[in-house]
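Worksheet: the structure to be examined is printed underneath.
The values are calculated or read from the model by the stated rules, or taken from the named source; none is laboratory data. Please read these numbers as outputs of a predicted model, since none were measured by experiment. Counting neighbours? That spans all protein chains shown, and the Cβs are built from the backbone with ideal geometry, glycine included. Calculation scope for accessible area: heavy atoms of the full protein, side chains included, ligands and nucleic acids excluded. Shrake-Rupley method; radii C 1.70, N 1.55, O 1.52, S 1.80 Å.
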Amino acid sequence: MTNKYIYFIANWKMFGDLTTLNSLDKVIKFSKNIKKNKIKLIYCPPSTLISSLSKRLKKTKIEVGAQNCHQSFDNGPYTGQLNSRMLKSVGTKYVIIGHSENRQLGDNDKLINLKIKSAIRAGLKVIFCIGETLKQKKNKKTYKVLADQIRNGLKSINNKSNIIIAYEPVWSIGSGLIPKSDELTKSIAHIKSQLGSKSSKILYGGSVNSNNIDKLKIIAGIDGFLIGGASQNSNKFIDIIKKTIN
Ligand code: PGA
């Protein structure tokens, strides 16, 4: 981890309500004592909490992200949807796009590409999730899947400076399993080569916790972590950060 910042992105998924936000006081306090420019701390709560959370984090170094957005830049007749401009207007700085849980619900590469373009146009930074399923891994398709997802998801996007890649093997999410160190090192190198840009940030996500972080933090080319389950508990989240930076 040679880059300036190490990213810790909390993906709360469909968990949390207004009272849950109180648990962040611990993290806010903790973040105040961290050396400037050492880490980037980003919370992606359910959209219902973005506005309250942004207000709460105003005087802190912690930033807010959304977990998804609609592909349309303009407002329109899309019941239940939120576009990136709406999310930005309530304090969102980042948006997760292409998470496997949304790919399962129908987000394909083409739609993901439109969402990324719309989010960038609105001025958001994108956390673009990619990763292979267990079946693809068993069939030795991992590299091809990653290359296809990158090529299609980032089609005709020349400036990738606002895009952070989150490599999340689907079989690792929520399962307690993580890739073998050598496999992960190779996958990260492969992603880097597909991006064609040495400066692109690459995160790892999938069952990150305070027990496996020592193994994960030494993998070459990883700029941080996208953390689901363990990010909902402030003590566990702080523990992961401490173990990474100390
Ligand atoms: P997990 O989720 O840490 O609970 O495996 C990660 C994610 O889905 O982003």
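Give the residue, chosen from G206, G224, G174, that is under 17 Å from the mean Cα position of the chain (by Cα), within 16 Å of the ligand (Cβ to nearest atom) and surrounded by fewer than 19 Cβ atoms within 10 Å (Cβ to Cβ). Talk me through it step by step, then tell me what you get.
On the way: G206 fails: surrounded by fewer than 19 Cβ atoms within 10 Å (Cβ to Cβ); G224 fails: surrounded by fewer than 19 Cβ atoms within 10 Å (Cβ to Cβ).
Every option except G174 fails the conditions.
Could you grab the pairs with beta carbons closer than 7 Å, sequence gap of 6+ or different chains, first residue in region 76-98 and outside any strand (DSSP E or B) and open to solvent by less than 10 Å² (accessible area, probe 1.4 Å), second one within 16 Å of the ligand (Cβ to nearest atom) and of a type in the set (D, E, K, R)?
Short answer, once both residue conditions are applied: G98/D107.
Quick check on region 146-168. Is at least one of its residues without any contact (Cβ under 8 Å) to a residue 60 or more places away in the chain, under 22 Å from N113 (Cα atoms) and acidic (D, E)? Step through it out loud before you land on a result.
The initial filter retains those residues of region 146-168 that are without any contact (Cβ under 8 Å) to a residue 60 or more places away in the chain, namely 146-163, 165, 167.
If we keep only those that are under 22 Å from N113 (Cα atoms) too, we end up with 146-163, 165, 167.
Narrowing further to those that are acidic (D, E): 148.
Yes, there is a match, as at least one residue in region 146-168 is without any contact (Cβ under 8 Å) to a residue 60 or more places away in the chain, under 22 Å from N113 (Cα atoms) and acidic (D, E).
How many residues are within 15 Å of the ligand (Cβ to nearest atom) and either in contact with a His (Cβ under 7 Å, 6 or more places away or on another chain) or of a type outside the set (D, E, K, R) (or both) when one looks only at region 99-138?
The first filter runs over region 99-138 and keeps only residues within 15 Å of the ligand (Cβ to nearest atom), leaving 99-105, 107, 126-134.
When the remaining residues are screened for being either in contact with a His (Cβ under 7 Å, 6 or more places away or on another chain) or of a type outside the set (D, E, K, R) (or both), the result is 99-100, 102, 104-105, 126-131, 133-134.
Of the residues in that region, 13 qualify.
I'd like to check something: does region 57-67 contain any residue that is in contact (Cβ under 8 Å) with a residue 60 or more places away in the chain, of a type in the set (D, E) and closer than 30 Å to G221 by Cα? It would help to see each step written out before you state the result.
Within region 57-67, the subset in contact (Cβ under 8 Å) with a residue 60 or more places away in the chain is 65.
Still in the running and of a type in the set (D, E): none.
Checked region 57-67: no residue is in contact (Cβ under 8 Å) with a residue 60 or more places away in the chain, of a type in the set (D, E) and closer than 30 Å to G221 by Cα.
Those residues that are closer than 22 Å to D74 by Cβ and open to solvent by 20 Å² or more (accessible area, probe 1.4 Å), I need them from region 123-156; list them, please.
G123, K125, K155, S156
Do the conditions hold for S156, that is, is it modelled with pLDDT under 95 and either within 24 Å of Q67 (Cα to Cα) or within 14 Å of the ligand (Cβ to nearest atom) (or both)? Reasoning before the result, please.
Working: modelled with pLDDT under 95: no; either within 24 Å of Q67 (Cα to Cα) or within 14 Å of the ligand (Cβ to nearest atom) (or both): yes.
No.
Restricting attention to region 23-39, does a residue exist that is part of a strand (DSSP E or B) and either touching a strand residue (DSSP E or B) at 6+ places or on another chain (Cβ under 6 Å) or over 26 Å from G98 (Cα atoms) (or both)? Let's see the steps before the verdict.
Filtering region 23-39 for residues part of a strand (DSSP E or B) gives 39.
Of the ones still in play, those that are also either touching a strand residue (DSSP E or B) at 6+ places or on another chain (Cβ under 6 Å) or over 26 Å from G98 (Cα atoms) (or both) are 39.
So far as region 23-39 goes, yes, one or more of its residues are part of a strand (DSSP E or B) and either touching a strand residue (DSSP E or B) at 6+ places or on another chain (Cβ under 6 Å) or over 26 Å from G98 (Cα atoms) (or both).
Mind checking which residues of region 21-38 are more than 19 Å from K201 (Cβ to Cβ) and open to solvent by 40 Å² or more (accessible area, probe 1.4 Å)? Quick ask: steps written out before the conclusion?
Within region 21-38, the subset more than 19 Å from K201 (Cβ to Cβ) is 21-33, 35.
Those that are more than 19 Å from K201 (Cβ to Cβ) and open to solvent by 40 Å² or more (accessible area, probe 1.4 Å): N22, S23, D25, K26, K29, K32, N33, K35.
Which residue is nearest to the ligand (Cβ to nearest atom), if the candidates are limited to region 177-197 and must be under 28 Å from S118 (Cβ atoms) and open to solvent by 60 Å² or more (accessible area, probe 1.4 Å)?
Taking the candidates together, the pick is Q194.
If we scan region 123-137, do we find a residue that is over 18 Å from the mean Cα position of the chain (by Cα), in a loop (DSSP other than H, G, I, E, B), of a type outside the set (D, E, K, R) and more than 25 Å from G65 (Cβ to Cβ)?
So far as region 123-137 goes, no, none of its residues is over 18 Å from the mean Cα position of the chain (by Cα), in a loop (DSSP other than H, G, I, E, B), of a type outside the set (D, E, K, R) and more than 25 Å from G65 (Cβ to Cβ).
Considering region 4-22 alone, what residues qualify as being in contact with a strand residue (DSSP E or B) (Cβ under 7 Å, 6 or more places away or on another chain) and more than 16 Å from the ligand (Cβ to nearest atom)? Give the derivation first.
Within region 4-22, the subset in contact with a strand residue (DSSP E or B) (Cβ under 7 Å, 6 or more places away or on another chain) is 5-12.
The answer is Y5, I6.
Which ones in region 1-12 are buried (at least 19 other Cβ atoms within 10 Å of the Cβ), part of a loop (DSSP other than H, G, I, E, B) and either modelled with pLDDT under 95 or in contact with an Asp or Glu (Cβ under 8 Å, 6 or more places away or on another chain) (or both)? Spell out how you get there, then give the answer.
To start, the set of residues in region 1-12 that are buried (at least 19 other Cβ atoms within 10 Å of the Cβ) comprises 6-12.
Still in the list and also part of a loop (DSSP other than H, G, I, E, B): 12.
The answer is none; no residue qualifies.
Assess whether L53 counts as being open to solvent by less than 60 Å² (accessible area, probe 1.4 Å) and in a strand (DSSP E or B).
Details: open to solvent by less than 60 Å² (accessible area, probe 1.4 Å): yes; in a strand (DSSP E or B): no.
Against the criterion (open to solvent by less than 60 Å² (accessible area, probe 1.4 Å) and in a strand (DSSP E or B)), L53 does not qualify.
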